[in-house]
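Q: Below: one structure in structure tokens.
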């Protein structure tokens, strides 16, 4: 039996007699032969592996999204491996410049925190990348995100609609962090439309978007003589931390302080009270991200980057409306969802 | 400038004049030259990448552990990439047999759900693997875990100590899932020692360890005329789901039903009431896992697999004791921690 015959069997080359194939396979099984996968992927020039890089793996929004992206990749024969950067600008840079990675990824899906447009424009040609989330890069790469300004506006308008007028915001961040900037913009727009002035002393910064930051910001708000009657938190973790502080102080949610979050993580569907939140369509975001990066990988073209708008909806629960809600129910349509739109960006 | 000179610069070969190095580097930067990383790792035989494979990335315990393992790996110059299997036995098998992976991992850290000892003994020699979690494989591979029987015993004993006698367990699973089996064993042992019979009708199965499974099991328990006065849930997600059901039914935690979880995820430190739980020392588990697999990788030896016991403690919070607890406080020593032990297993 020649080496060529073995090679043909291993490579699934079609012109091999069935009994020959069976004998070779039996020998392979017996000897525990494994083709050198690294060498094979080197030869083929494709690894069929995509890296998904998120700022924080233990932020449930990213973990939930990662699960969906892994599943979408697997359906299409791609392995998606996860890394996280902790929002470290150097790690994000190394990643897109691909000079610190010993792996040969076919593409990278990145949810950047600290990366700048200048960093992004340095990346080498022919390295497919797709960006997730709120940082806007003026069409430097394919990008999937919801309309954060519209979502924050809708969340804030809901608080105004239920009669609240002293509304705090938790999650304001130093310039450079676009997520916070866009959500604050929507918060202000809702106030402006309703003719309610924004009290700047109710705009609370948060270093990170964790429960502990929300709890701390809420402690400061409750210490004031004129505490707010509602709070819009820039993510659900901040909201769940803030809720804990309000309840531990003996106040009621939503009667004394109504709370809205952002992300619709599972935690908020099982908290007491359940959490009203902006619910991005994560399933669709995952599918759009995988489909678009595979398009880039297969075409290797230099077509202009595209901007994909994913839909979201406001999920109204007990923390604002006192409406009992089955925690297990997913994606109930409390309000009509905004429509997905897809537009080619102008380069 | 010769190809050899360029190669020397790229490879960080020491005997290159500084100005030559600078000129080559400038050319590299200008041309966007990237060394073929895949070819390089092929030549060196090491990728410096470790795969961490968990059953479910969006179960907070695994996400929190993954963050710690990534950090420990990074400190030692290793990239840790994450994948999850959803507990799929075929994916777990493919992974340890390394015949479905196009990547060249130096080692694999695996938290298996469905894998059997027989599967594990099939793996090829020289593929470093470390197992996390509760499945016991009779010393087929290095293994880091806490003593689950002792931990479940301590959690159950705590419920007995606060005067509860009708204690339910949520998370019982069909045979093959060692996590549930070991925790049930500890639950029974605590009852036996206290001379309290276990009511088998209070042993609730759970298909998965998610909030929704805990909520459903609790609904069934509350529908009984003789409902339990306490429940030991085999993880925190089950406990948080069960807590939601109890509170939504208008009952009080812990007065009517006391609840203990397992894992000490961040959610339970911010829930209302906060959750009493078994707290494994995740930081130490992460360090032990990385150190041990790097030892295997560097030595490539066939020394007998070792069994590493990580410490845990019972964190007593409001869901059993009504003790107010600062949700943000991490690792407060409610009880003396059990001591870490490390023993070479008998092959």
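The values are calculated or read from the model by the stated rules, or taken from the named source; none is laboratory data. Predicted model only: the values in this text are computed from it and were never measured. Cβ coordinates were reconstructed from backbone atoms using ideal geometry, including for glycine residues, and neighbour counts include every protein chain displayed.
Q: So, of the residues in segment A:121-135 that are touching a strand residue (DSSP E or B) at 6+ places or on another chain (Cβ under 8 Å) and more than 14 Å from chain B (Cβ to nearest Cβ), which turns out to be modelled with the lowest pLDDT?
A: The residue in question is A:134.
Q: Under 17 Å from the mean Cα position of the chain (by Cα) and not assigned by TED's automatic domain parsing to the domain that holds residue B:219: is that true of residue B:128 in this structure?
A: When the stated conditions are applied, residue B:128 does not pass them.
Q: Moving on. For the subset of segment A:167-208 comprising residues that are surrounded by fewer than 17 Cβ atoms within 10 Å (Cβ to Cβ) and touching a strand residue (DSSP E or B) at 6+ places or on another chain (Cβ under 7 Å), which member is nearest to residue A:253 (Cα to Cα)?
A: Within segment A:167-208, the match that is nearest to residue A:253 (Cα to Cα) is A:203.
Q: Please go through (1) at pLDDT 70 or above; (2) within 12 Å of another protein chain (Cβ to nearest Cβ); (3) at positive phi for residue A:32 and return the number of the only condition it doesn't satisfy.
A: (1) is the only condition that residue A:32 fails.
Q: Please indicate, with yes or no, whether at least one residue in segment A:216-235 is on the phi > 0 side of the Ramachandran plot and within 23 Å of the chain's Cα centre (by Cα).
A: no
Q: Would you mind finding the one in B:264, B:213 that is part of a helix (DSSP H, G or I), within 14 Å of chain A (Cβ to nearest Cβ) and either touching a strand residue (DSSP E or B) at 6+ places or on another chain (Cβ under 9 Å) or modelled with pLDDT of 95 or more (or both)?
A: B:213
Q: Considering only segment B:237-250, I want to know if a residue exists there that is modelled with pLDDT of 95 or more, more than 14 Å from every other protein chain (Cβ to nearest Cβ) and surrounded by 14 or more Cβ atoms within 10 Å (Cβ to Cβ).
A: Within segment B:237-250 (the criterion being modelled with pLDDT of 95 or more, more than 14 Å from every other protein chain (Cβ to nearest Cβ) and surrounded by 14 or more Cβ atoms within 10 Å (Cβ to Cβ)), the answer is no, since none of the residues qualifies.
Q: Might you check whether a residue that is crowded, with 24+ Cβ neighbours inside 10 Å and within 28 Å of residue A:268 (Cβ to Cβ) occurs anywhere in segment B:307-314?
A: no
Q: Given the condition at pLDDT below 75 and closer than 24 Å to residue B:62 by Cβ, answer yes or no: does some residue in segment A:61-77 qualify?
A: Looking through segment A:61-77, none of the residues is at pLDDT below 75 and closer than 24 Å to residue B:62 by Cβ.
Q: Return a yes/no flag: does segment A:281-288 have any residue that is buried (at least 18 other Cβ atoms within 10 Å of the Cβ), within 14 Å of chain B (Cβ to nearest Cβ) and either part of a strand (DSSP E or B) or more than 19 Å from the chain's Cα centre (by Cα) (or both).
A: No, the conditions are met nowhere in segment A:281-288.
Q: Is one or more of the residues making up segment B:223-235 at the interface with another protein chain (Cβ under 10 Å from one of its Cβ atoms), under 14 Å from residue B:60 (Cα atoms) and either in contact (Cβ under 8 Å) with a residue 40 or more places away in the chain or not in a helix (DSSP H, G or I) (or both)?
A: No, every residue in segment B:223-235 fails to be at the interface with another protein chain (Cβ under 10 Å from one of its Cβ atoms), under 14 Å from residue B:60 (Cα atoms) and either in contact (Cβ under 8 Å) with a residue 40 or more places away in the chain or not in a helix (DSSP H, G or I) (or both).
Q: Condition check: assigned by TED's automatic domain parsing to the domain that holds residue A:53, on the phi < 0 side of the Ramachandran plot and under 21 Å from the mean Cα position of the chain (by Cα). Does residue A:142 satisfy that?
A: It is true that residue A:142 is assigned by TED's automatic domain parsing to the domain that holds residue A:53, on the phi < 0 side of the Ramachandran plot and under 21 Å from the mean Cα position of the chain (by Cα).
Q: List the number of the failed condition for residue A:81; all other conditions in (1) crowded, with 22+ Cβ neighbours inside 10 Å; (2) under 23 Å from residue A:266 (Cβ atoms); (3) at the interface with chain B (Cβ under 8 Å from one of its Cβ atoms) hold.
A: Of everything listed in (1) crowded, with 22+ Cβ neighbours inside 10 Å; (2) under 23 Å from residue A:266 (Cβ atoms); (3) at the interface with chain B (Cβ under 8 Å from one of its Cβ atoms), residue A:81 misses just condition (2).
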